[in-house]
Amino acid sequence: MARLLADLTPLRVSPAYRRLWIGNSLSAIGTQLTLVAVSLEVFHLTGSSLAVGMLGAFALVPLVVAGLYGGAVADHMDRRKLALASSSVLWLTALLIAAQAWLGLESVWVLYVLVAVHSGASGINQPTRGAIIPALVGLKLLPAANALNMMTFSVAMMVGPLFAGVLVAQVGYAWTYSVDVVTFLAALYAVWRLPSLPPQRQDGAGSAGSAGVRRRVGWGSVVEGFRFLGSRPNLRMTFIADIVAMATAFPRALLPAIGAVVLGGGEAAVGILLAAMALGAFLTGLFSGPLTRIVRHGAAVYWAIVAWGLSVAGFGVVVYLAARSGASGGEPQHYLWGAAAFLALAGCADSVSSVFRNTILQSATPDHLRGRLQGVFIVVVAGGPRVGEMLTGGAAELLTEPVTLMAGGVLCVLGVSALMRWQPGFLKYDSRHPVP
């Protein structure tokens, strides 16, 4: 059993990583409460899946700009200071989201703007923290640390949406948002306790130093990161494969309509569906011991994305059957647990893909470029779902939610399989010899 459970070595050997992990675990729950509650509030105000999907549009641009530029900044200054500054902005944004609810503004545009600011701050914060992890635990423990991070994220994705649906229904949006304001203080404390973390560089002889290659941070630094990425096929494939998976088969924007209308379960059903996806990711993290012994990371990413696409398509089939049942006078809510089961499988697959993609990126990238590549990673990881929300939200207006899910799942499998035929070397990637 010990070989199946998550490897806790990073928590034991690194006090700084342990504090960061605990702080992020607490704050992530509040953040998910806010993100889910915002989508529920937008749907409540508009009754439109397209309007919920537009949250992705307002988050995408600041995420891309801040993620790319923030990653470059993280390669040129103390990463602790940058993480602390961006975390402070995230906390202030959470405070403003709660304030608008307490004031009863009920403005979709205010929510759009605040989500955009939050996304921009997150675009700086996440690549900075991603570049910090190797310095705290070392390259050997990266798979275990990434699995623990994914378990934290999955717990938040499971508990946050479930509580969001219940809290919104019972106490309203203002109190729900306020939980995020309080819990995020744990993340601020953890970052404040980090040691100084200046980026390392490679000098002309190839040895490590403690200063960035460039004294001035500009878009030239961002271009330098893209130039490195463009010449490294395995690193490049980790991004492209995830974009295909998220753009074709990300179901989140459809869940408010599916839970409240198709399945007839209201906000609580939406919370159950989101929590089911997170449950799959949590179980993957909990039993991640075998993942740390896999060396063919490229093949693991491919099969995980195939499983993701098939699970989303299966979810679409269940939703289709529920819609038919409701149309014929049946009780569509009986299909809720079947839908939740497929989303749990999807969450498991997405978690496996994320662990190995992030490990490939962190282990095959030099430290002086990790911030920039982590910036691209965050843009893809967070921006891909935002694009998916826009595409699926728009497609559902034309095709209905079930057809959108089924078609998207199939397109995901076909798309990632085509990528592997185009770049077959990715399937041979071996973590014992990390070739970028």
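Worth a mention:
- Restricting attention to segment 76-109, the residues being open to solvent by 50 Å² or more (accessible area, probe 1.4 Å) and assigned to a helix (DSSP H, G or I) number 9.
- Scanning segment 22-33 for any residue that is under 19 Å from the mean Cα position of the chain (by Cα), more than 28 Å from Leu255 (Cβ to Cβ) and surrounded by fewer than 21 Cβ atoms within 10 Å (Cβ to Cβ) turns up at least one such residue.
- Single match in Ala156, Ala205 (criterion: in a loop (DSSP other than H, G, I, E, B) and either in contact with a helix residue (DSSP H, G or I) (Cβ under 9 Å, 6 or more places away or on another chain) or at pLDDT below 90 (or both)): Ala205
- The residues on offer are Val117, Val65, and the sole one that is at negative phi, open to solvent by 20 Å² or more (accessible area, probe 1.4 Å), part of a helix (DSSP H, G or I) and modelled with pLDDT under 90 is Val65.
- Qualifying positions in segment 154-194 - β-branched (Val, Ile, Thr), within 10 Å of Gly30 (Cα to Cα) and crowded, with 16+ Cβ neighbours inside 10 Å: Val159, Thr176, Val179, Val181, Thr183
- Here is the figure for segment 4-19: residues that are surrounded by fewer than 23 Cβ atoms within 10 Å (Cβ to Cβ) and in a helix (DSSP H, G or I) total 8.
- The residues listed here are Ser311, Ser325; of these, the one that is surrounded by fewer than 24 Cβ atoms within 10 Å (Cβ to Cβ), of a type in the set (Ser, Thr, Tyr) and either assigned to a helix (DSSP H, G or I) or modelled with pLDDT under 90 (or both) is Ser325.
The values are calculated or read from the model by the stated rules, or taken from the named source; none is laboratory data. Note that the structure is predicted; figures quoted are calculated from it, not measured. Note that each Cβ is placed from the backbone with ideal geometry, even for glycine, and that neighbours are counted across all protein chains shown. Ligands, DNA and RNA are excluded from the accessible area calculation, which covers all protein heavy atoms including side chains. Shrake-Rupley method; radii C 1.70, N 1.55, O 1.52, S 1.80 Å.
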